[in-house]
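Let me begin by presenting the structure, written as structure tokens, before commenting on it.
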Amino acid sequence: MDTQSYKTVSLNKATVDKKWVVIDATDLALGRLASRVALVLRGKTKPGYTPHVDCGDNVIVINAEKVALSGKKMTDRVYTRYTGYPGGQRFTTPREILAKRPAERVSENEQARQSLRYTFAHHAMIESRVVKGKDAEGQNFRDYFDWKEPLSRCSSHRLLAMRRGEAEGILRVNITVDDRQALLRLIKMFVKGRDDASRLVQEAVLDGYKRLLEPSISNEFGTLSRQKADEDAIKIFVRNLEQLLMASPLGQKRVMAIDPGFRTGCKVVILDEQGNLLHHTVIYPHPPKNERVQAMLAVGKLIDKYRIEAISIGNGTAGRETEEFVEHLDLPEGVEVYSVSEDGASIYSASEIARQEFPDEDVTVRGAVSIGRRLMDPLAELVKIDPSSIGVGQYQKDVNQAALKKSLDQTVVSCVNRVGVNVNTASPWLLTYVSGLGPALAQNIVAYRAQNGPFRSRRELMKVPRLGAKAFEQSAGFLRIQGGSEPLDNSAVHPERYALVEQMAHDCGCSVAALLSDKSQRAKIDITRYVSDDVGLPTLQDIMAELEKPGRDPRGPLKQFAFDPNVHEITDLQAGQLLPGIVTNITNFGAFVDVGVHTKGLVHVSQLSDRYVKDPTTVVSLHQHVVVRVVEVDLQRERIALSMKGVNQNP
């Protein structure tokens, strides 16, 4: 007897021979079909079945829709699956499975999704339509009532405008592609014949595309385009904020600040050289009270009493009228009048910071103080306000607020560090933005200063509670001390490099103070002699640049500006007029210019210059004084179209 034929053979991973087994489900009872499939999958039909080895074959079930279900099992039989989350039971019937699964396979196929993504990336169109009955209400979005353009060419400001209109219920926005072109790609991918099975597959492709795949990819591209538009808008906001924070300061002068108004009067405050509030009152030079003579006398007395050097007037309601009222006064020689942006002043006046600074004053006085301080030092005052409330950007309320706040905070820190901070006069809110410091250390510095008097050197900062060596290392180069014992304390040279500068002075045969003040002494220095493993040539070049201008403010001098005295209202504008203006905001599509009529005019990017302009910031900057031509005035929507083409900007 051949005993080998009775030997038990155990399969392993190397000896398993997996095959494809086709099972026809036609007229098979569901239970019998399931049993047959299970036997094949487990490998129990093989003589060498081994329980602990995956030795089963692969199964293809054909004609699954022809399975025999007795009674009403096709609709009444319920299958349960679990998602793994609380309340995650999902129920379905055999009919729902047969109806849904083929379409889901099309939708979940990665190749199909990539194919449709390609179609959307190259051929998607974004279109907006006005919601029925919203025509009158949505006049601000009139340009997008019937709009359609390729998504790839849709600029960030147009997309954000359409999305805002959609959020307000005025517009209906869709991102679509040519369905015929997209379906042809998918059918070619899935349908391989012309028989009945191919027809069923084609129906599944159509269903999967319309019900699952196209809406999914459309939403995906909607999200991606929104993210890109957000990034563009944030970049614009950051760029504008940087220019606003780096605006020219008036400096330490006695200032009269006026917050204009008609019915409630003009709030007048007096600030000393450090921005401290000395006095406040209210005058009524405008209707309805028209106490013009009393107001002139009151302002004149205050100017003489407090030896005012400059007057700051808010540019809001009654701003032009108040400016003209002040300019008609017999002002002492040297007193200059400035118009200052009020954006965000009301936010500050009601903030916790303002309540801490002026607990006994109302919001009107706080707002006027902010207007005055903005003239003296815009950076020191604007850091107290949420940057998104300043109003220098496009659609800042519609973009990702977390990403916007992060970028704006980084910009504020960068500007504060670039200008530097006088540690003996800075507020805790300004000190907070110095690298290495924070709210707690800033408060500790102010508290130490109040208790011990002004800091006499940077090294004294080490005595501030909780200000350790690391915080000192990070912040010292940005903190300035004027009139201290060490001349370099009023420069951007870090204390770590004081010894190096002292060596330079010693080699030149002079003191550090003489090295700072005498250009001829600095000319003797050959910085290559001081290159070492710790100090490279770029660092030495930075040190020399700082020695040229120790403690000098990088911001330029402040310039006065005046509107056309004959223009006060939008109705005063005529096409073709040439008017002086000041740039108040810059966007991707152009620049907004204030010409003194309470409504900002737009210089479209195509009207900024005689040459092609891709980026408006290459032509204009925030607060720049320009001359513009009036192109068109839309009184209904209160829109002013301006141009700088062919206009001499240096008259």
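Observations, loosely collected:
- Note on the stretch 468-490: residues that are without any contact (Cβ under 8 Å) to a residue 12 or more places away in the chain and either under 16 Å from Val413 (Cα atoms) or in a helix (DSSP H, G or I) (or both) amount to 1.
- Residue check for Thr432: among the hydroxyl-bearing types (Ser, Thr, Tyr) and more than 23 Å from Gly483 (Cβ to Cβ): yes
- Against the conditions (1) modelled with pLDDT under 90; (2) over 27 Å from the mean Cα position of the chain (by Cα), Val177 satisfies every one except (1).
- Set side by side, the residues Arg117, Arg180, Arg95 differ, and just one is of a type outside the set (Phe, Trp, Tyr), in contact (Cβ under 8 Å) with a residue 60 or more places away in the chain and assigned to a helix (DSSP H, G or I), which is Arg117.
- Test: residue in the stretch 545-557 that is within 23 Å of Glu242 (Cα to Cα), open to solvent by less than 60 Å² (accessible area, probe 1.4 Å) and hydrophobic (A, V, I, L, M, F, W, C): yes
- When each of Ala310, Ala354, Ala345 is tested for being over 22 Å from Gln624 (Cα atoms) and surrounded by 16 or more Cβ atoms within 10 Å (Cβ to Cβ), the lone residue that passes is Ala354.
- Filtered residues of the stretch 574-604 (kept if open to solvent by 10 Å² or more (accessible area, probe 1.4 Å), part of a strand (DSSP E or B) and touching a residue at least 24 places away in the same chain (Cβ under 8 Å)): Leu578, Pro580, Ile582, Thr584, Asn585, Asp594, Leu602, His604
- You will find that of Gln227, Gln252, the residue that is closer than 30 Å to Val583 by Cα, open to solvent by 60 Å² or more (accessible area, probe 1.4 Å) and outside any helix (DSSP H, G or I) is Gln252 and no other.
- Asp27 vs. criteria over 58 Å from the mean Cα position of the chain (by Cα), open to solvent by 90 Å² or more (accessible area, probe 1.4 Å) and modelled with pLDDT of 80 or more: yes
- Within the stretch 359-411, the set of residues being over 30 Å from Arg164 (Cα atoms), in a helix (DSSP H, G or I) and open to solvent by 30 Å² or more (accessible area, probe 1.4 Å) comprises Val363, Thr364, Arg373.
- Any hit, the stretch 123-141, residues being buried (at least 16 other Cβ atoms within 10 Å of the Cβ), of a type in the set (S, T, N, Q), touching a residue at least 12 places away in the same chain (Cβ under 8 Å) and in a loop (DSSP other than H, G, I, E, B): no
- Qualifying residues in the stretch 434-480 (those that are touching a Gly at 6+ places or on another chain (Cβ under 6 Å) and of a type in the set (A, V, I, L, M, F, W, C)) - the one nearest to Ala380 (Cα to Cα): Phe478
- Among (1) of a type outside the set (Lys, Arg); (2) without any contact (Cβ under 8 Å) to a residue 60 or more places away in the chain; (3) closer than 27 Å to His623 by Cβ; (4) open to solvent by less than 10 Å² (accessible area, probe 1.4 Å), the one test that Gly316 misses: (4)
The values are calculated or read from the model by the stated rules, or taken from the named source; none is laboratory data. Just so it is clear, the structure is predicted and the values come from calculations on it, not from any experiment. No Cβ is skipped: glycine too gets one built from the backbone with ideal geometry, and neighbour counts run over all protein chains shown. Heavy atoms of the whole protein, side chains included, go into the accessibility calculation; ligands, DNA and RNA do not. Shrake-Rupley method; radii C 1.70, N 1.55, O 1.52, S 1.80 Å.
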